[in-house]
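Bear in mind that the values in this text are calculations on the coordinates, not laboratory data. None of these values were measured; they are calculated from a predicted model. Cβ placement follows ideal geometry from the backbone for every residue including glycine, while neighbour counts extend to all protein chains displayed.
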Amino acid sequence: MIKFLNQNLLKQALTHRSWVNENTKNNGTNERLEFLGDAILEFVVSLSIYNKFPNEEEGYLTALRANLVNTKNLSQVAEKLNLGVDIYLSKGEEEGGGRTNPSLLADTVEAVIGALYLDQGIEAVEDFIGKYILIDVDKKAKAPLKDPKSLLQEKVQSKNQGAPKYQVVSEIGPDHNKKFTVEVIINGKAGSRGVGKSKSEAEQDAASNTLKDMLK
């Protein structure tokens, strides 16, 4: 865990709103810190890649930044830091899988960044972001920057076909542990399928599988 001078700031950064609903004497949720951390994260990452890639245009930098600060990437940072076990959650949120929820974990990372800025200033934040978020910048810069759904849509529309549609084929499991299967529909014809813990994740997987099938 990151060392804080003011432990109360760290505690607030780890306090989910569901905990406050059950513990009314608590000082507040981490949502304000998340708001602050989101802005600081975007600034630090933007400045870093602006300097690192002087010949790249705005569109490239925007896509690269999105790949660095998206929910998936930030939730992986939370997992590295083992933040999930320390978050203050309600019993219901915990039973619903809150400690491993990617969106909740990503929000907590942003809140921690906001708290770290208030606790130790911008240099400490830059060190944190450099160590845990910008460390993969070279790898991500070499990978396709657009998500599979965006890439598939561009590929299909370049052939003068309509935009792909996504249809849920099945939805199984309890609310806290769903498994969705989604099918891509192109020009009215069913294509590849994908699975995920959310519709969005399943759609991305289906788009990725469709792109792979197109290369066969």
What does the highest-first list of 171-181, 148-158, 7-17 look like by mean Cβ count within 10 Å?
7-17, 148-158, 171-181
GluC sites (Glu not before Pro) within segment 1-93, DSSP loop, no more than 15 other Cβ atoms inside 10 Å:
Glu56, Glu57
Whole-Å semi-axes of segment 116-216's equivalent ellipsoid (Cα gyration tensor)
35, 20, 11
Search the structure for amide H atoms under 5 Å from the amide H of Tyr88, placed 1.01 Å from N in the peptide plane, and list their residues when 5 or more places away or on another chain.
Thr15, His16
Scalar couplings 3J(HN,Hα) for segment 75-92 by Karplus 6.51 cos²θ - 1.76 cosθ + 1.60 (θ = phi - 60°), nearest whole Hz, x for Gly and Pro, are 5, 5, 5, 4, 5, 4, 7, 6, 5, x, 6, 9, 6, 7, 10, 5, 4, x
Euclidean distance of C-alpha centroids, segment 75-128 and segment 167-216, integer Å:
29 Å
Cα-based Debye curve of the chain sampled at q = 0.11, 0.15 Å⁻¹ gives log₁₀ I(q)/I(0) of -0.66, -1.05
Would you compute, from DSSP H runs of 4+ residues alone, the mean residue ellipticity of the chain at 222 nm, taking -39500 (n - 2.57) per run and dividing by the full residue count, rounded to the nearest 500?
-17500 deg cm²/dmol
Taking the Cα centre of segment 7-142 as origin and charging only Cβ (+1 Lys, Arg; -1 Asp, Glu), how large is the dipole, in debye to the nearest 20?
240 debye
